[in-house]
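As structure tokens, the structure follows; a few thoughts come after it.
The values are calculated or read from the model by the stated rules, or taken from the named source; none is laboratory data. In this text the structure is predicted, and so the values were computed from the model without any measurement. A quick note on method: Cβ atoms are made from the backbone with ideal geometry, for glycine too, and the neighbour counts reach across all protein chains shown.
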């Protein structure tokens, strides 16, 4: 213990005496560790953001989504999906044991919506009355679609806050007329803001009755997808299998013919996102690791120069009784101190940059103890790995030659 303390004091004294070299060695390490910290925290923050978004949209463990066209999640076949689902499919699925409700929707391709002299291009979605509640989407003003709207194919619309602002500014839009394409509608409600998710502004949307979308604005009777809510999540596997068999039967798909629909569960969505985000984070981490490697090379070269300049000091120490291993341990200790201080400063800088990214750029970040330990381990590893050559060179100095 006494030896370790003496070595620590000697290492700190030497680093302070050559503080310009010490600062140069730490700068590269700080940059590398800060980069790794920011990358990891952005990855963690994005994953939490996706989970929160899914929860806010009501897409929890008790529901799954059915999309038309088949294929695999995350793989697009061509520019457009084949529309294979119908309202009758949704009605049949609602009768499966364990299904609480089915919420279909009909998307109309981005359409011009106008009011007075203002217009915008936005998404139009036909929905049943249960759509807003199923997605945990409260109404800000007015009301949502009703069963009477569905029965009578009424031309009423519920606006997202983005569309409301573009068409009406600060004016109350309730009761005002808009045109969806060439069809007139009356505004009966406004949805609360859900904000943006990456490039997707979820408030840039107009909601109309499903029947109106199918009968007045669409050229076919196909729906764009449906969300299936279950009464018991423990029966999810059975319900999913029965729904698959039911749709295959209704679509007359023979043995060996692939599904013309795709069932998407929250777990599969999270796995897809995690796989994609990990690929991005891995690539960025590789870039950060390269910068750390460069930092290590810089540390090694600066320490080799410092050892050459300290040859007389090392020779004196050897002459008065210092052993070869004492010199070796001291230089190792100096490398570790540089790595530890540089690593801690890099972590602090990375944490500050993460806060700034969230505050200024609205990039979600999240502190992770695991990432903290990994970054600290990286910096210690750099100190150990690139301290070997300088330590060996110092320990191998001939005392007589060093004193000349």
Original post:
Can you pull out the residues in segment 118-128 that are within 16 Å of residue 184 (Cβ to Cβ) and either without any contact (Cβ under 8 Å) to a residue 40 or more places away in the chain or out of contact with any strand residue (DSSP E or B) (no Cβ under 9 Å at 6 or more places or on another chain) (or both)?
Top reply: 118
Original post:
Hey, does segment 69-82 have a residue that's modelled with pLDDT of 80 or more and over 30 Å from residue 335 (Cα atoms)?
Top reply: yes
Original post:
If you go through segment 49-68, how many residues are in contact with a helix residue (DSSP H, G or I) (Cβ under 8 Å, 6 or more places away or on another chain), modelled with pLDDT under 65 and assigned to a helix (DSSP H, G or I)?
Top reply: 1
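A quick yes/no check of all residues on (1) surrounded by 16 or more Cβ atoms within 10 Å (Cβ to Cβ); (2) touching a helix residue (DSSP H, G or I) at 6+ places or on another chain (Cβ under 6 Å); (3) touching a residue at least 12 places away in the same chain (Cβ under 8 Å):
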{"site": "190", "(1), (2), (3)": "yes, yes, yes"}
{"site": "196", "(1), (2), (3)": "no, no, no"}
{"site": "208", "(1), (2), (3)": "yes, no, yes"}
{"site": "218", "(1), (2), (3)": "yes, no, yes"}
{"site": "224", "(1), (2), (3)": "yes, no, yes"}
{"site": "241", "(1), (2), (3)": "no, no, no"}
**OP:** Please tell me if residue 126 is part of a strand (DSSP E or B) and within 35 Å of the chain's Cα centre (by Cα).
**Re:** yes
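Residue-wise test of (1) out of contact with any helix residue (DSSP H, G or I) (no Cβ under 8 Å at 6 or more places or on another chain); (2) at pLDDT below 90; (3) assigned to a strand (DSSP E or B); (4) surrounded by 15 or more Cβ atoms within 10 Å (Cβ to Cβ).
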{"site": "227", "(1), (2), (3), (4)": "no, no, yes, yes"}
{"site": "236", "(1), (2), (3), (4)": "yes, yes, no, yes"}
{"site": "248", "(1), (2), (3), (4)": "yes, no, no, yes"}
{"site": "254", "(1), (2), (3), (4)": "yes, yes, no, no"}
{"site": "268", "(1), (2), (3), (4)": "yes, yes, no, yes"}
{"site": "277", "(1), (2), (3), (4)": "no, yes, no, yes"}
{"site": "281", "(1), (2), (3), (4)": "no, yes, no, yes"}
Subject >> Residues that are more than 16 Å from residue 214 (Cβ to Cβ) and assigned to a loop (DSSP other than H, G, I, E, B), drawn from segment 144-189 >> reply: 144, 146, 160, 169, 170, 171, 172, 173, 174, 175, 176, 182
